[in-house]
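Okay, so here's the structure we're looking at.
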Amino acid sequence: MTDAAEARTLTRKDFASDQAVRWCPGCGNYAILAQVQQTLPKLGIPRENFVVISGIGCSSRFPYYMNTFGIHSIHGRAPTLATGLKGARSDLQVWVVTGDGDGLAIGGNHFLHALRRNVDINILLFNNRIYGLTKGQYSPTSELGKRTKSSPQGSIENPVNPIGVAIGAEASFIARTVDMFQHHMSDVLLRAAEHRGAALVEIEQNCVIFNNGAWRHLTDPDAKLENVLYLEHGKPMRFGKKRQKGIRLKGLHPEVVDVAEVGEEGLLVHDEKAEEPTLAYFLSRMGPPDFPTPVGVFRCIDKPVHDQLLLEQVHEAEARKSPDMNALYRLGQTWEVSEEAT
Amino acid sequence: MSKPSKRIQEIDGATLLFCGDSGDGMQLTGSQFTATSALSGNDVRTFPDYPSEIRAPAGSLAGVSAFQVNFSATPIYTPGDSPDTLVAMNPAALKVYLPKLKPKGLLIVDRDAFTDLNLKKAGYRETPLEDEDLSKRYRLQAVPITTLTLDALQEADLDGRGKRRCKNFFALGLVYWLYDRTLEPTLRWIEEKFSKAPQVADANRKALKAGYAFGEAEGSFATRFIVNKAPSAPGTYRIVNGNEASALGFVTAARLAGKPLVYSSYPITPASNVLHELAKLKHLDVRTIQYEDEIAAMGSAVGASFGGAFSLTGTSGPGICLKSEAINLAIMLELPLVILNVQRGGPSTGLPTKTEQADLLQALYGRNGESPVPILAAAGPTDCFDVAIEAFRIAVRHMTPVFMLTDGYLANGAAPWRIPRFEDLEPIECTHPTDPEGFLPYARDNATLARPWVIPGTAGMEHRLGGLEKEDGAGNVSYDPENHQRMCRLRAEKIQRIADFIPEAHPDGPPEGDLLVLSWGGTFGAAYSACLRARSKGHAVAHLHLRHLNPFPKGLEKALSRYGKILIPELNFGHLALLIRARYLTDAVSFCKVKGRPFEISEVEQKIEEMLS
Ligand SMILES: Cc1ncc(C[n+]2csc(CCOP(=O)(O)OP(=O)(O)O)c2C)c(N)n1
Ligand code: SF4
Ligand SMILES: [Mg+2]
C-alpha cells in the first residue's frame with residue numbers, strides 16, 4: 001500500500017507544473033485550475049495515473065499547467081483521445097477539459113458519443129459563452145442577440161444548454177458549478193471523480209476580456225443567494241438568503257413559492273438517482289430571469305461503463321478461446337504442400 | 001470417371017468468370033471454385049466485382065455481381081485478363097461481362113433466365129441467344145440451368161423459391177466437371193454451412209451433383225480440361241483475401257510485441273471487413289471500438305498509442321480526409337500507430353466497391369504544414385500480412401504514425417497464403433523508459449531520432465504533449481523561429497532515416513537494360529507478369545516494385561539510371577511518376593488507368609512493346 005500512502009500525502013503543489021500560467025489576469029480559469037489542483041490529491045490516486053486531455057481554446061491550455069500526464073490535442077477531439085486511451089488503459093484517471101466551442105460546436109458529436117458510451121472519464125466543460133482564444137466570437141452557448149465581433153447586430157442563433165445536451169446523450173453523471181464557488185466546485189469534482197462512467201461537469205467560467213460578467217448573477221455577493229439553487233439529493237429545493245424560497249411543481253412547470261406560505265412539504269425534492277432523467281431535464285431548463293440557476297449534481301446513476309465492458313469482452317473471450325496464433329492462422333480450409341511435390 | 005467419349009485436354013491454367021444477379025450467389029460460387037482449385041494444388045488469384053447497392057433491383061444491370069478466378073499449374077500473379085470461360089446466370093450479367101470473354105471462349109448461360117422481363121431489364125430487344133453472331137464468336141452453351149435444378153430437386157423439402165436458389169450449385173457442379181475438380185471440399189463446406197438447415201444442405205448437394213452429372217452426360221460438352229498442381233514451396237497453405245491478411249498481420253504485430261491491439265474505426269467500404277475480422281479476435285486482446293466518425297477513430301488511435309497499446313485505425317479515402325488533422329497531431333506528438341487506407345475509386349464517394357491507387361499523394365502531402373509520414377503499400381493479398389507487421393515495426397522503432405496503403409482489389413482478392421509459424425516471426429521490440437533521471441520527452445535516439453515512448457502510470461515521468469510546436473528536447477511549447485525550423489527538419493530527417501533500416505531497391509530481371517517497369521501497390525501482379533512476358537520475348541526489361549513509398553529505399557536512383565527507359569503503371573494520373581520525376585529528374589513515362597479495375601497484364605505488356613519499338 002505504499003503507493004496509496006504516498007498518494008495521500010500529495011498536495012496541491014504536486015499537481016502544479018513548472019510552466020507559467022498564461023491566461024489573462026482575472027480569468028475564471030485560474031480559480032478552476034486552483035480547485036482541480038486542490039482536489040486531485042484528495043483522491044488517493046498516484047499522480048502518474050492521472051491524464052488530462054484537452055482540445056483547443058483558452059480553457060484547453062489546462063494540461064500544460066498540471067504536473068500529470070497530459071495531451072493538448074486538437075479542436076473538439078479530446079473526448080476521442082480519452083476514449084481511445086481508456087480503451088487501452090482503463091486503469092487511468094482521465095480528465096477531459098473542453099470549452100463551450102470546443103465541446104459543443106466543433107466537438108459536439110464526440111461530446112455526445114463519449115457521454116452516450118459512458119466511458120469512464122470526467123469532462124470539465126468551461127462555459128464562458130464565448131470563443132476566448134479566437135478573440136471573441138459568439139459560441140453555441142451565447143444568448144440570442146449577443147453582440148460579438150462575428151455578430152455585430154446580435155447573434156441570430158439559439159443557444160444550446162450543455163446540461164440538456166448531456167441528458168439527451170443519456171449521460172450517467174451531470175453536474176454544474178461556477179468558477180468562483182471554491183468549495184462547491186471541489187465537492188462536485190470529487191463526486192465526478194468517484195463516479196464510474198462518463199461525468200460531465202459544466203463550469204460557468206468568466207472571460208474577463210470578451211464576455212465579462214456573463215455569470216455575474218451567480219457570483220455577485222449580493223445577488224448570488226437569490227439566484228442560485230444548490231441541489232442536494234433527497235432535500236427539498238430551497239434557495240434565497242434565508243432559504244425562504246422554494247420550487248414547487250405546477251402542472252408540468254416549476255413555480256417559485258414562499259416556503260413560509262406553502263410549507264416545505266409541498267416543495268420538489270431533488271432526486272439525482274432517478275432512473276428517468278425527467279427531473280434533471282426539468283431542472284436544466286430553470287434559470288434567469290424567472291428562476292434560480294441550479295448548481296450541483298443533476299443526475300448520478302449507475303450504468304454499464306464502456307471501457308469496462310470492452311475489457312470484460314476481452315477477458316470473457318480469453319477464458320473461452322486459446323490465444324494460439326498458429327490456430328488462428330490455420331482457420332478454415334488448409335492444405336499441405338510436401339517436399340516431394342515441388 | 002470420365003467417359004471415353006469425352007476428350008481430356010491438359011492446360012496450363014484458365015480464367016473463369018461467374019456472373020449473375022446479386023441474389024444469385026456468385027461470390028459464394030466463385031469462392032468455392034477458388035478453394036477447391038487451391039486445395040487441388042493450383043495457384044489461384046481472384047477478383048470479386050460486385051455492385052455497391054446492397055439489393056439493386058433483381059435482373060438489372062446495376063445488380064450484376066461477378067467473381068473472376070484465375071487458376072493455374074504455373075505461378076500466377078493476377079486474377080487473369082480475359083476469361084476463357086464465362087458463366088452468366090441472367091441477361092444482365094451477359095450484357096455486362098460478355099465483352100470481357102476471350103474470342104472463341106466458352107459461354108455458359110442459364111437459358112431459363114432469358115425471359116422477356118429479364119431481357120427487357122437488361123436492355124435487350126430480343127434474346128441474344130438466338131443471335132448467330134454470338135454462337136460464331138463464342139462456344140455458346142445455353143443450358144436450362146433453372147429447369148434442370150428444379151428437376152433434380154423434385155423430392156427436396158423446399159418451396160419453389162428455395163429450390164431455384166440452388167441453381168448456382170448446379171452451375172458450379174457443371175464447371176467442376178468441366179475442369180475435372182473434386183466435389184469433396186464443397187460437399188464438406190455445404191455440410192458445415194447448412195448444418196442447421198439439413199433440407200437446404202441436401203438440396204445444394206443434389207444440385208451440385210446434378211450439374212456435374214449433366215456435364216458428364218451431355219454430348220455437347222465434348223472436352224474437359226485438366227489443370228495440374230502448381231509448384232509451390234512446401235508448407236501449409238490457406239486462402240486469404242487482402243483484408244483478412246491485413247487483420248492477421250496487425251494482430252500478429254501486437255502479439256509479437258506482447259501488446260494489446262486497439263482498433264479504432266468507422267465502417268466504410270472496402271475497409272469494413274478489417275473491422276469485422278478484428279472484432280472476432282478479442283481472445284487475442286484485440287479491442288475494437290466503432291466510432292461516430294473517422295475523426296473520432298483517429299483521435300482514439302492517438303489516445304490508445306499514448307497509453308502504450310499497439311494502435312491502429314483503418315478506413316478508405318473519404319475517411320482519410322476526415323482523419324487528416326488528427327494524423328498531424330500524431331506526427332507532432334511523435335506517437336506510434338498505423339493508419340490503413342484501403343483505397344477505392346475517388347474523388348468524394350467515388351466508386352466505393354471499385355479499386356484505385358489515387359490516394360498516394362494524399363497520404364504523402366494531404367495535411368497542413370511540413371508533415372512527414374512513412375508510407376508502405378502491399379503488393380498482393382498475402383503481402384498485406386507482411387506489410388501490416390512491417391508497418392508496426394517501423395511505427396514503434398521510429399516513433400511515428402505509419403500509412404499502410406492497400407486497395408479494394410487487394411482487399412477482396414484472394415490468393416494462397418503459405419502459413420507462417422508464429423514462433424518463426426521476428427519479435428517486435430518496444431520499450432517504455434521508466435528512469436526519470438534526465439528524462440526529456442523529446443530527447444532523440446542517435447540512430448533513428450525517435451523520442452522515448454513513456455507511458456502514463458510511470459512515476460516521476462509525467463509530461464505533457466500537444467499539437468503546438470515543441471521545444472527541441474524538453475517538448476515545452478515553443479514559438480521560437482529557429483526551433484520551429486529545427487523541429488521541422490528533425491521530424492523530416494527522422495522519417496528519411498527509415499531508409500537505413502529497409503532493404504535496398506533491387507530490380508527483378510537484368511541489372512541493366514532497355515526498360516525498367518516501376519510499380520507500387522496492387523499493380524505488382526500485372527507489372528511483374530508483363531515483364532516476365534517481355535523477357536520471354538527477348539526484351540531487356542526489368543521490374544522494380546516499391547513496398548516503401550516514403551522514404552524510398554536506398555539504391556533507387558542508381559537502379560533508375562541503369563535502364564534506357566522507365567515506365568510507371570498506376571491506377572491514378574501519375575502520383576508515383578510525379579514523385580520520381582521530381583526527386584530524380586528522370587524522364588519516367590506514366591501509364592495511367594482509372595476505371596475502377598486493376599491493370600490487365602496485356603495492357604502493361606502492350607505499353608512495354610510500344611515503348612521498346
Ligand atoms: C480545426 C480548427 N478550427 C478552428 C480553430 C480555431 N479555434 C481555436 S479555439 C476556438 C474556439 C474556442 O472556444 P471555446 O472552446 O469556447 O474555448 P475558450 O477559448 O472560450 O476557452 C477556435 C474557433 C482551431 N484551432 N482548429
Ligand atoms: S480571453 Fe477570456 S477565457 Fe481566454 S484567458 Fe482571457 S479571460 Fe480567460
Ligand atoms: Mg468558450
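Looking at this structure, is residue A:293 more than 11 Å from chain B (Cβ to nearest Cβ), of a type in the set (Ser, Thr, Tyr) and either more than 25 Å from residue A:118 (Cα to Cα) or surrounded by fewer than 15 Cβ atoms within 10 Å (Cβ to Cβ) (or both)?
Details: more than 11 Å from chain B (Cβ to nearest Cβ): yes; of a type in the set (Ser, Thr, Tyr): yes; either more than 25 Å from residue A:118 (Cα to Cα) or surrounded by fewer than 15 Cβ atoms within 10 Å (Cβ to Cβ) (or both): yes.
It is true that residue A:293 is more than 11 Å from chain B (Cβ to nearest Cβ), of a type in the set (Ser, Thr, Tyr) and either more than 25 Å from residue A:118 (Cα to Cα) or surrounded by fewer than 15 Cβ atoms within 10 Å (Cβ to Cβ) (or both).
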Self-check item: So residue B:47, is it surrounded by 21 or more Cβ atoms within 10 Å (Cβ to Cβ) and not in a helix (DSSP H, G or I)
Solution: yes
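Answer with yes or no whether residue B:256 is surrounded by 23 or more Cβ atoms within 10 Å (Cβ to Cβ) and within 13 Å of chain A (Cβ to nearest Cβ). Talk me through it step by step, then tell me what you get.
Values: surrounded by 23 or more Cβ atoms within 10 Å (Cβ to Cβ): no; within 13 Å of chain A (Cβ to nearest Cβ): yes.
For residue B:256, the condition - surrounded by 23 or more Cβ atoms within 10 Å (Cβ to Cβ) and within 13 Å of chain A (Cβ to nearest Cβ) - is not met.
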Self-check item: Subset of region B:67-102 [farther than 18 Å from residue B:141 by Cβ and part of a strand (DSSP E or B)]
Solution: B:67, B:68, B:69, B:70, B:71, B:72
Quiz prompt | Flag if residue B:403 is under 17 Å from the mean Cα position of the chain (by Cα), farther than 30 Å from residue B:230 by Cβ, more than 14 Å from every other protein chain (Cβ to nearest Cβ) and surrounded by 21 or more Cβ atoms within 10 Å (Cβ to Cβ) | solution = yes
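Residue-wise test of (1) within 17 Å of the chain's Cα centre (by Cα); (2) within 16 Å of ligand 3 (Cβ to nearest atom); (3) farther than 28 Å from residue A:140 by Cβ.
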position	(1), (2), (3)
A:31	yes, yes, no
A:39	yes, no, no
A:53	yes, no, no
A:60	yes, yes, no
A:64	no, no, no
A:75	yes, yes, no
A:86	yes, no, no
A:89	no, no, yes
A:95	yes, no, no
Quiz item: Failed condition for residue A:191, given (1) at pLDDT below 95; (2) farther than 14 Å from residue A:293 by Cα, with all others met?
Solution: (1)
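So which residues in region B:185-205 are of a type in the set (S, T, N, Q), assigned to a helix (DSSP H, G or I) and more than 13 Å from every other protein chain (Cβ to nearest Cβ), if there are any at all? Even if it seems obvious, please write down each step before you answer.
Kept after step one, since they are of a type in the set (S, T, N, Q), are these residues of region B:185-205: B:186, B:195, B:199, B:204.
After this cut, where a residue has to be assigned to a helix (DSSP H, G or I) as well, the list is B:186, B:199, B:204.
Those that are of a type in the set (S, T, N, Q), assigned to a helix (DSSP H, G or I) and more than 13 Å from every other protein chain (Cβ to nearest Cβ): B:199, B:204.
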Exercise. State whether the residues of region A:73-81 include one that is away from ligand 2 (no atom under 16 Å from the Cβ) and charged (D, E, K, R).
Key: yes
Practice problem: Considering each residue of region B:323-356, count those that are under 30 Å from residue A:94 (Cα atoms), among the aliphatic types (A, V, I, L, M) and away from chain A (no Cβ under 11 Å), and give that number. | Solution: 4
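The rows are residues; the columns are (1) part of a helix (DSSP H, G or I); (2) closer than 30 Å to residue B:76 by Cβ.
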{"site": "B:229", "(1), (2)": "no, yes"}
{"site": "B:246", "(1), (2)": "yes, yes"}
{"site": "B:263", "(1), (2)": "no, no"}
{"site": "B:292", "(1), (2)": "no, no"}
{"site": "B:300", "(1), (2)": "yes, no"}
Exercise. Would you point out the residue of region A:106-132, among those that are surrounded by fewer than 18 Cβ atoms within 10 Å (Cβ to Cβ) and of a type outside the set (S, T, N, Q), that is nearest to ligand 3 (Cβ to nearest atom)?
Key: A:108
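Of the residues that sit in region A:7-44 and are within 11 Å of chain B (Cβ to nearest Cβ) and away from ligand 1 (no atom under 16 Å from the Cβ), which one is farthest from residue A:89 (Cα to Cα)? Even if it seems obvious, please write down each step before you answer.
Narrowing region A:7-44 to residues within 11 Å of chain B (Cβ to nearest Cβ): A:7, A:14-15, A:17-20, A:22.
Subsequent filtering for residues that are away from ligand 1 (no atom under 16 Å from the Cβ) retains A:7, A:14-15, A:17-20.
Details: A:7: 20, A:14: 23, A:15: 21, A:17: 23, A:18: 27, A:19: 27, A:20: 30 Å.
So the residue we want is A:20.
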Self-check item: Residue tally, condition more than 7 Å from every other protein chain (Cβ to nearest Cβ) and crowded, with 24+ Cβ neighbours inside 10 Å, over region A:72-105
Solution: 14
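Could you say whether any residue in region A:142-163 is hydroxyl-bearing (Ser, Thr, Tyr) and away from ligand 3 (no atom under 16 Å from the Cβ)?
Scanning region A:142-163, I find no residue that is hydroxyl-bearing (Ser, Thr, Tyr) and away from ligand 3 (no atom under 16 Å from the Cβ), so the answer is no.
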Quiz item: Within region A:313-323, is even one residue more than 30 Å from residue A:234 (Cβ to Cβ) and of a type in the set (Lys, Arg)?
Solution: yes
Quiz item: Cβ-Cβ below 9 Å, separation at least six or inter-chain, first residue in region B:9-26 and more than 22 Å from residue B:78 (Cα to Cα), second among the acidic types (Asp, Glu) and surrounded by fewer than 24 Cβ atoms within 10 Å (Cβ to Cβ): which pairs?
Solution: B:22/B:53
Quiz item: Restricting the first residue to region B:219-232 and requiring it to be away from every other protein chain (no Cβ under 14 Å) and in contact (Cβ under 8 Å) with a residue 60 or more places away in the chain, which pairs with a second residue that is surrounded by 13 or more Cβ atoms within 10 Å (Cβ to Cβ) and among the hydroxyl-bearing types (Ser, Thr, Tyr) meet a Cβ separation below 6 Å and a spacing of at least six or different chains?
Solution: B:225/B:179
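Kindly provide the set of residues from region B:268-288 that are at the interface with chain A (Cβ under 10 Å from one of its Cβ atoms) and buried (at least 21 other Cβ atoms within 10 Å of the Cβ), ordered by number.
Our first condition is that a residue be at the interface with chain A (Cβ under 10 Å from one of its Cβ atoms); within region B:268-288, this holds for B:279-288.
Of everything in region B:268-288, those that are at the interface with chain A (Cβ under 10 Å from one of its Cβ atoms) and buried (at least 21 other Cβ atoms within 10 Å of the Cβ) turn out to be B:281, B:282, B:284, B:285, B:286, B:287, B:288.
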Exercise. Please specify each residue of region A:205-225 satisfying the condition of being within 11 Å of ligand 3 (Cβ to nearest atom) and of a type outside the set (S, T, N, Q).
Key: A:207, A:210, A:214
Quiz item: When both residues are 6+ apart or on different chains and their Cβ atoms are under 7 Å apart, which pairs have a first residue that lies in region A:199-222 and is closer than 16 Å to residue A:146 by Cα and in contact (Cβ under 8 Å) with a residue 12 or more places away in the chain, and a second that is assigned to a strand (DSSP E or B) and within 16 Å of ligand 3 (Cβ to nearest atom)?
Solution: A:215/A:178; A:215/A:204
Practice problem: Scan region A:125-149 residue by residue and report those that are of a type outside the set (Ser, Thr, Tyr) and within 13 Å of ligand 2 (Cβ to nearest atom). | Solution: A:126, A:127, A:128, A:129, A:130, A:132, A:133, A:135, A:136, A:137, A:149
Exercise. Find the residue count for region A:61-98, including only residues that are farther than 22 Å from residue B:322 by Cα and within 12 Å of ligand 1 (Cβ to nearest atom).
Key: 3
Quiz item: Do we have any residue at all in region A:143-150 that's away from ligand 1 (no atom under 14 Å from the Cβ) and crowded, with 21+ Cβ neighbours inside 10 Å?
Solution: no
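Which residues, taken from region B:109-142, are of a type in the set (A, V, I, L, M) and either touching a strand residue (DSSP E or B) at 6+ places or on another chain (Cβ under 6 Å) or in a helix (DSSP H, G or I) (or both)? Lay out the reasoning, then the answer.
From region B:109-142, those of a type in the set (A, V, I, L, M) are B:109, B:113, B:117, B:119, B:122, B:129, B:134, B:140, B:142; that's our starting set.
Matches in region B:109-142: B:109, B:113, B:117, B:119, B:129, B:134, B:140, B:142.
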Quiz item: Can you find even one residue in region A:186-194 that is under 12 Å from the mean Cα position of the chain (by Cα), buried (at least 22 other Cβ atoms within 10 Å of the Cβ) and small (Gly, Ala, Ser)?
Solution: yes
Quiz item: Looking only at region A:54-71, which residues are more than 7 Å from chain B (Cβ to nearest Cβ), aliphatic (A, V, I, L, M) and touching a strand residue (DSSP E or B) at 6+ places or on another chain (Cβ under 6 Å)?
Solution: A:66
Quiz item: Which residue pairs have Cβ atoms under 8 Å apart, sit 6 or more places apart or on different chains, and have a first residue in region A:94-105 that is farther than 18 Å from residue A:189 by Cα and a second that is in a strand (DSSP E or B)?
Solution: A:100/A:125; A:100/A:126; A:100/A:127; A:101/A:131; A:102/A:54; A:103/A:123; A:103/A:125; A:104/A:125
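The values are calculated or read from the model by the stated rules, or taken from the named source; none is laboratory data. A quick note: this is a predicted structure, and the numbers were derived from the prediction, not measured. Methodologically, a virtual Cβ is constructed for each residue, glycine included, from the backbone with ideal geometry; neighbour enumeration extends over all protein chains shown.
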